[in-house]
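Below: the structure, in structure tokens.
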Amino acid sequence: MSKFCSAWRARAPRLSRRRAAVFGCSLALLSFLTNQAFAQELQLLRDTETERLLKSYEDPLAKADGLDPQAIHLYLVNDNSVNAFVAEGQNMFIQTGMIMFAKTPNELIGVMAHESGHIKAGHLSRGAQAMSKAEIPMILSMIVGLAAMAMGAGEAGMAVMMAGQQIAEGQFMAFSRIQEATADQIALKALAATHQSPEGLLHTFQRFAAEEAMAAYRPDPWILSHPVGQDRVALLETEVDASPYKDVKDSPQATHAFLMMQAKLEGYVLPTRNVFNRFPLTDTSEQARYARAMAYSRLPDFKKALTEIDSLIKDEPRNPYFYEVLGQIYVNMAKPELGIPAFQKSVDLLPDAPQLRVGLAAAELATEQAAEAKPALGNLKRASLIENDDPFTWYLTAQAYSDLNNQPMADLSTAEQMYAIGAYDKAALFARRAQRGLTQGTIDWLRAGDIMASASIGKKASER
């Protein structure tokens, strides 16, 4: 086990070996346990490529619904059952199974239009197999626990994960058929307002209507929470036939981006045997090579993974996501110093993507070279300007400050991390420690005070 100074103590997390994993880059995995009432496990994935494509689908729909696109938070769930749902606070969850189930971008867009309809109507979509009231801080808290465990700090990692579980409260509930019909109508209007075909929405429900009769034997979460009757399908068919945009097709560029996202996810989440059966070596398409690169990385067969991703970079030398995967492969090979240039290239090509910068910073810190701590901190600060509530970013920021022997700022960063996951007692503890070492009246000193005050309010609210 690597040496580790626990985040629960005075010093920030510090590792003697950090080459086991890099989180915040390509398809980083977050995991948390659900409420005991459901005894389920839900996992989230962070991937800039997937998140950005999903956001490009959702933003026009949100605007058409009169919603603020920036207020809607999209989450990718690592679950191969076909499902999508929304939770309170305008949070939309798209499962990997739904993405892999869709045959076209338009089908996935139709599903998202439906879920966006629930948000506009004020519904709370809670599948029959979903967890008890998915509080976002509890979900995000798990990245810290997994990161610590992957890097050798099992005890501290489990402590963070347990804290996240204790924060969860509330519950999901099933849709009513009235809510479903309302969401359908809102979806149809949004698709028309954005000049998109409603065919994808219809095709999805047609496929599920055919499977609904089998739900009693192997019920799917989507079917359980989204009852699909023939009357509903018939109504959709009538609406689709009347749409002036019925025959609008996905552009070649949109289809290519969608297939690449699908292949990347399949390479990451499906059993490797399935991946190689679906994408044999005789298939030299970009999506096949992308899927194999991800699968080879998991085996691990890094030599073959490098061959696949290098071939993609040769074809698309300005694709930032290929460089991100290349960087991750090198880090997984315990060669973070080789991963840094690849991550840097991804950041240069897409400078406003915070998770790419977090991946670069994690690689820089993984080298354990003192000279890399300062540039890592710079990348983390820039990432926080865009995403200031990401627990793992604050975890790495605390590490960077610790490497730079700035303990007060390391404590303040850990306070931010604890506050982000809703661990208010710990947040107040580290903020208090930070204040003792910070100059009174400075912005950072005031921020520590804000955290203490906000943590007190947050704790009282969570106890109600």
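Things worth noting here:
- A straight chain from LEU281 to SER311 at 0.36 nm per residue would run longer than the Cα-Cα distance by 9.5 nm.
- Approximating the spin labels as points 7 Å out from Cα along Cα→Cβ, the LEU299-to-ARG432 distance works out to 5.4 nm.
- Modelled this way, with points 7 Å down the Cα-to-C-beta line, the labels at TYR245 and LEU338 are 4.7 nm from one another.
- Extension gain for the segment ASN274 to ILE178, taken as residue separation times 0.36 nm less the Cα-Cα distance, is 30.6 nm to one decimal.
- Cβ-based net charge around HIS256, under 14 Å, with every Lys or Arg adding one and every Asp or Glu removing one: -2
- The mean sequence distance of close C-alpha pairs (under 8 Å, at least 6 residues apart), as a share of the length of the range 270-367, puts its relative contact order at 18 percent.
- Highest-first packing order for the peptide set 429-435, 72-78, 449-455, 359-365 is 359-365, 429-435, 72-78, 449-455, based on the mean count of other beta carbon atoms within 10 Å.
- When LEU201, LEU44 are sorted by how many other C-beta atoms sit within 10 angstrom of their C-beta, beginning with the fewest, the order is LEU44, LEU201.
- Cα extents of the range 270-367 along the three principal axes, largest first (Å): 37, 25, 20
- At an R0 of 56 angstrom, the distance between the Cβ atoms of LEU404 and GLN230 translates into a FRET efficiency of 0.30.
- For LYS460 and ASP352, the FRET efficiency from 1/(1 + (r/R0)^6), where r spans their Cβ atoms and R0 equals 25 Å, is about 0.10.
- Taking a point 7 Å from the Cα of HIS256 along the Cα-to-Cβ direction, the residues of the range 308-351 with backbone N closer than 20 Å to it are 308-326, 346, 349-350.
Computed from the coordinates by the stated procedures, all read-outs in this text should not be read as laboratory data. Everything numeric here is computed off the predicted structure, so don't read it as measured data. Neighbour counts run over all protein chains shown; Cβ positions are idealised from the backbone, glycine included.
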